[in-house]
Amino acid sequence: MSAAPEKGRSKPADPLADRPLWGLWRELMALYPLWRSVLSAMNPRSAFRRENSYFWFDVIRGLRSMSSSLRVAQRLESVGDGDLDGLIALAEVNSRRQEHFFRTLVLSYVTVPFTIGAIWAQLMPGQLLSLVKEPDLAPVWGGTIAGLAAALAVRFIADWRARSFLALLQMARIERSAAALTASPATPAGSRSPAPASGRA
């Protein structure tokens, strides 16, 4: 007898599973989740305890010292220079797309409705005013505004997090370059390499 088919739907295979760079990207995303930025912003003590204040000049030291950033930096210690450059390139693309999505959402949820409302108010002000003052529509207006605000907030946080992740990867590359310069022997300024010996053997 043939085996009975398994119930339920099988999980679709990841088309990028065989690409190591994308596996590393997914691993770092798990170490740097979106909700961490919300908790960090809601904890004012960390801003002053670790100089992680967005109200002062230095806004990168705190980003680098966050717990999620430390986990990412620790994972990057075993990543080669080529893979790190690839991760930075992916983070740049991701940051640009996040910015594009945020601008599109602002245009769709804010600019377009306000433009339509302004035109409607010019053409039929009485009808618009009656709709706004209709008590039965108050939950609809409130729910719509709350939903739009929540969508914009999530999109803004995602854009902010993407830029922070890009900055974190760039700082990792800067630290790696600085460490390589420190480890390599430097030639003192003004010194010359010894001239080859003259004369015959």
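List of remarks:
- Couplings 3J(HN,Hα) for the stretch 58-67, derived from phi with the Karplus relation 6.51 cos²θ - 1.76 cosθ + 1.60 (θ = phi - 60°), are 7, 10, 10, 5, x, 4, 6, 9, 5, 4 Hz, where x marks Gly and Pro.
- Ordering of 162-175, 144-157 by packing [mean C-beta count within 10 Å, highest first]: 162-175, 144-157
- Taking all protein chains into account, the per residue accessible area for the stretch 51-120 stands at 64 Å² (1.4 Å probe).
- Heavy-atom SASA rank of F57, F101 (probe 1.4 Å, accessible area, largest first): F57, F101
The values are calculated or read from the model by the stated rules, or taken from the named source; none is laboratory data. Note that the coordinates shown come from a computational prediction; the quantities given were computed from them, not determined experimentally. As a convention, Cβ positions derive from the backbone with ideal geometry for all residues, glycine included, and neighbour counts pool all protein chains shown. The protein model used for the area step is the full one, side chains on, heavy atoms only, and it has no ligands, DNA or RNA in it. Shrake-Rupley method; radii C 1.70, N 1.55, O 1.52, S 1.80 Å.
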